[in-house]
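In what follows, a structure is listed as structure tokens, so that the remarks can point back to it.
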Amino acid sequence: MSAAWRSPLLDLDGAVEADPPDAGVAAHYGGIAREQRRLEAGEGFVDLSHRDVVTIHGPDRLTWLHSLTTQHLVDLAPGVPTEVLLLSPQGRIEHGFAGIDDGETFRAHTEPGAGAALVAFLDSMRFMMRVEVALAPDLAVVGLPGLQWRLVERDALGGLVDELGAPSGTWAWEALRIADGRARVGLDTDDRTIPNEAGLLERAVHLDKGCYRGQETVARVHTLGRPPRRLVLLHLDGSAEHLPSAGTEVLLGEKVVGSVGSSARHHELGPIALALVKRNVDVAATLLADGVAASQEPVVDPEVGLHVRARLDG
């Protein structure tokens, strides 16, 4: 969505606008911990209307997307949400989006401001396929409990409180997402990130489908294990007054071993962040992010090709 977007839900009592990249919607409505608990209890919603929505229409849409992306989409049933990546020939993440098909149109949402580039890339790959790709400024994303989502008409946002209950802000959503180890493409990844490093194989990559751009890298690293970097959940020292900002270097002693993506204050875990660190960093080592000491909870296993949150003894 345009940087000039301002959600009507910012007019609710107590609403405080989020900073970029989430500007245009509320960071919170005055009850930060309460809003997290409300979502965990299965109540309310989150205004994510700043995210870009893209529609892909036409009889060839699913077979075409299947051939281009990391996900198995040929037999995608209507109403089933999915997560999808587009990779470079070297297997690096270029685009990430979540979508759902209704039997005629595949509707997807991606990061704020990323929709135009996604549409341009998909348009460049249409060739003779019977598909139409476009931004959908009339649609908005709403986050639901359990880190689920749905699309609504943008002009219906103001009435969601009556339908879904009290809203929670993006700070609550981000805290729960980070605690769950879910990387956000473009914030927790960089232009070198492959899906194996960011814990995205389980969610956004189908390892048994046919060829797609970047598959060779993904398959090789998955088969051999040991991706170059690994996503970790950082448990930050709660005595620090600030959170490390996105892009902050992660240090082991005086050596740079990674960088921070997103960070938040969780109502139970305290300050947390996601970071990409070198695979060979000792998982028991205390790291430093923007001057804040942090212990690690692996999201991507450093040793084997499981690529999901590791279970460490002890």
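The values are calculated or read from the model by the stated rules, or taken from the named source; none is laboratory data. As the structure is a computational prediction, the values presented were derived from the model and not from experiment. Here Cβ is always computed from backbone atoms with ideal geometry, including for glycine, and neighbour counts include all displayed protein chains. Ligands, DNA and RNA are excluded from the accessible area calculation, which covers all protein heavy atoms including side chains. Shrake-Rupley method; radii C 1.70, N 1.55, O 1.52, S 1.80 Å.
Which residue, of Ala179, Ala116, Ala172, Ala198, is under 19 Å from His50 (Cα atoms) and surrounded by 14 or more Cβ atoms within 10 Å (Cβ to Cβ)?
Of the residues listed, the single one that is under 19 Å from His50 (Cα atoms) and surrounded by 14 or more Cβ atoms within 10 Å (Cβ to Cβ) is Ala172.
In the range 40-51, what count of residues is obtained for those that are crowded, with 19+ Cβ neighbours inside 10 Å and assigned to a loop (DSSP other than H, G, I, E, B)?
5
Considering each of Thr105, Thr110 in turn, give the residue that is within 18 Å of Val25 (Cβ to Cβ) and of a type in the set (Ser, Thr, Tyr).
After ruling out the rest, the residue left standing is Thr110.
Tell me whether the range 2-24 contains one or more residues that are crowded, with 23+ Cβ neighbours inside 10 Å and out of contact with any His (no Cβ under 8 Å at 6 or more places or on another chain).
Within the range 2-24 (the criterion being crowded, with 23+ Cβ neighbours inside 10 Å and out of contact with any His (no Cβ under 8 Å at 6 or more places or on another chain)), the answer is no, since none of the residues qualifies.
Just wondering, is there one or more residues in the range 158-165 that are open to solvent by less than 30 Å² (accessible area, probe 1.4 Å) and over 27 Å from His222 (Cα atoms)?
yes
Go through (1) under 17 Å from Trp171 (Cα atoms); (2) open to solvent by 20 Å² or more (accessible area, probe 1.4 Å) one by one and return the number of the condition Ala273 breaks.
Only one criterion in (1) under 17 Å from Trp171 (Cα atoms); (2) open to solvent by 20 Å² or more (accessible area, probe 1.4 Å) is unmet by Ala273, namely (2).
Looking at the range 94-138, which of its residues are of a type in the set (D, E, K, R) and in contact (Cβ under 8 Å) with a residue 12 or more places away in the chain?
Glu94, Asp101, Asp102, Glu104, Arg107, Glu111, Arg126, Arg130, Glu132, Asp138
Across the range 63-78, which residue is farthest from Glu94 (Cα to Cα) among those that are among the aliphatic types (A, V, I, L, M) and either within 21 Å of the chain's Cα centre (by Cα) or crowded, with 19+ Cβ neighbours inside 10 Å (or both)?
Top of the filtered list is Leu76.
Can you find a residue in the range 83-93 that is touching a residue at least 40 places away in the same chain (Cβ under 8 Å), closer than 21 Å to Leu147 by Cα and either among the small types (Gly, Ala, Ser) or buried (at least 20 other Cβ atoms within 10 Å of the Cβ) (or both)?
yes
Looking only at the range 163-216, which residues are of a type in the set (Ser, Thr, Tyr) and in a helix (DSSP H, G or I)?
Thr170
If Ser262 satisfies every condition in (1) open to solvent by 50 Å² or more (accessible area, probe 1.4 Å); (2) polar (S, T, N, Q); (3) within 17 Å of the chain's Cα centre (by Cα) but one, which is the exception?
Of everything listed in (1) open to solvent by 50 Å² or more (accessible area, probe 1.4 Å); (2) polar (S, T, N, Q); (3) within 17 Å of the chain's Cα centre (by Cα), Ser262 misses just condition (1).
Within the range 29-39, is there a residue that is touching a Ser or Thr at 6+ places or on another chain (Cβ under 6 Å) and either part of a loop (DSSP other than H, G, I, E, B) or on the phi > 0 side of the Ramachandran plot (or both)?
No: zero hits.
If Ser295 passes every condition in (1) over 29 Å from Pro20 (Cα atoms); (2) at pLDDT 95 or above but one, which one does it miss?
Every listed condition holds for Ser295 apart from (1).
Can you name the condition, by its number, that Asp19 falls short on among (1) in contact (Cβ under 8 Å) with a residue 12 or more places away in the chain; (2) not in a helix (DSSP H, G or I)?
Here Asp19 clears every test but (1).
Which one of Arg203, Arg213 is basic (Lys, Arg), closer than 24 Å to His95 by Cβ and in contact with a Ser or Thr (Cβ under 8 Å, 6 or more places away or on another chain)?
Criteria check complete, one pass: Arg213.
In the range 235-257, how many are in contact with a Ser or Thr (Cβ under 9 Å, 6 or more places away or on another chain), open to solvent by less than 70 Å² (accessible area, probe 1.4 Å) and part of a strand (DSSP E or B)?
The qualifying residues number 4.
Tell me which residues, restricted to the range 221-234, are of a type in the set (A, V, I, L, M, F, W, C) and either in a helix (DSSP H, G or I) or over 28 Å from Asp22 (Cα atoms) (or both).
If the condition is that a residue be of a type in the set (A, V, I, L, M, F, W, C) and either in a helix (DSSP H, G or I) or over 28 Å from Asp22 (Cα atoms) (or both), then Val221, Leu224 are the ones that fit.
Among the residues of the range 140-147, are any out of contact with any helix residue (DSSP H, G or I) (no Cβ under 7 Å at 6 or more places or on another chain), farther than 27 Å from Val16 by Cβ and β-branched (Val, Ile, Thr)?
Scanning the range 140-147, I find no residue that is out of contact with any helix residue (DSSP H, G or I) (no Cβ under 7 Å at 6 or more places or on another chain), farther than 27 Å from Val16 by Cβ and β-branched (Val, Ile, Thr), so the answer is no.
Looking at Val152, Val161 in this structure, which one is among the β-branched types (Val, Ile, Thr), over 15 Å from Leu65 (Cα atoms) and under 24 Å from the mean Cα position of the chain (by Cα)?
Residue meeting the stated conditions: Val152.
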